[in-house]
1. For region 133-157, what are the residues that are among the aliphatic types (A, V, I, L, M) and outside any loop (DSSP other than H, G, I, E, B)?
2. Is there a residue in region 40-56 that is touching a helix residue (DSSP H, G or I) at 6+ places or on another chain (Cβ under 6 Å), without any contact (Cβ under 8 Å) to a residue 12 or more places away in the chain and surrounded by 12 or more Cβ atoms within 10 Å (Cβ to Cβ)?
3. State whether the residues of region 83-98 include one that is exposed (fewer than 14 other Cβ atoms within 10 Å of the Cβ), among the polar types (S, T, N, Q) and at pLDDT 55 or above.
4. Looking at (1) among the hydrophobic types (A, V, I, L, M, F, W, C); (2) exposed (fewer than 15 other Cβ atoms within 10 Å of the Cβ); (3) on the phi < 0 side of the Ramachandran plot, can you tell me which one A165 breaks?
5. Among (1) surrounded by 21 or more Cβ atoms within 10 Å (Cβ to Cβ); (2) assigned to a helix (DSSP H, G or I); (3) not small (G, A, S), which single condition is R177 missing?
Amino acid sequence: MPAKILPLMSSSPAESALDAFLASVEARAYRSALLTTKKSADALDIVQEAMLHLVQSYRTRDGAEWPLLFQRILQHKILDWHRAQTKQRRWFWQVPANVVEDESESVIDTIVDDKNENPAEIVARAQDINRVLDALAMMPLRQRQVFLLRAWEGFNVASTASVMACSEGSVKTHYFRALQFMRTQLLLGE
């Protein structure tokens, strides 16, 4: 991630807990937004807006509610961005829709792994991860959102439905289709 989000300058234990929560979800939220936007600056804006909204509106809520609230806010911000891009493409059709920005070095890439591993295994795992990320980028938006919430964030069907403001049946359908798509894409790469 190109820039770190500054802490809230906490003075109370509740604000410290909120700072810790935001720090714990920052990287995953950024990756989720980046998969949709394909632009580092837009993804960072979405994550910062979602965090700001959570802080402004829900800082007094119980900390156990923050994960669902944050994911709901984040997914709505991603949908808003997607709708704005669709509207913009209608008016300015000459502008390429999915231009991938040159990614600067992320914080995760700078962490040194102290394990003594076989370089061939590391390369194979990196290629597998890249194949998964490529498949995620090709998924329809709602399937990608459900897949990330269920598989990545570990939410159950009810929580995912609540975050996405849709029925549990819709979540199950999108997740099933996302899994089928992911399997197909990963088998094609072998």
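The values are calculated or read from the model by the stated rules, or taken from the named source; none is laboratory data. Keep in mind that this is a model prediction, so the values were computed, not measured. Don't worry about glycine lacking a Cβ; one is built from the backbone with ideal geometry, like all the others, and counts go over all protein chains shown.
1. If the condition is that a residue be among the aliphatic types (A, V, I, L, M) and outside any loop (DSSP other than H, G, I, E, B), then L133, A135, L136, A137, M138, L141, V146, L148, L149, A151, V157 are the ones that fit.
2. no
3. So far as region 83-98 goes, yes, one or more of its residues are exposed (fewer than 14 other Cβ atoms within 10 Å of the Cβ), among the polar types (S, T, N, Q) and at pLDDT 55 or above.
4. (3)
5. Result: R177 passes all but (1).
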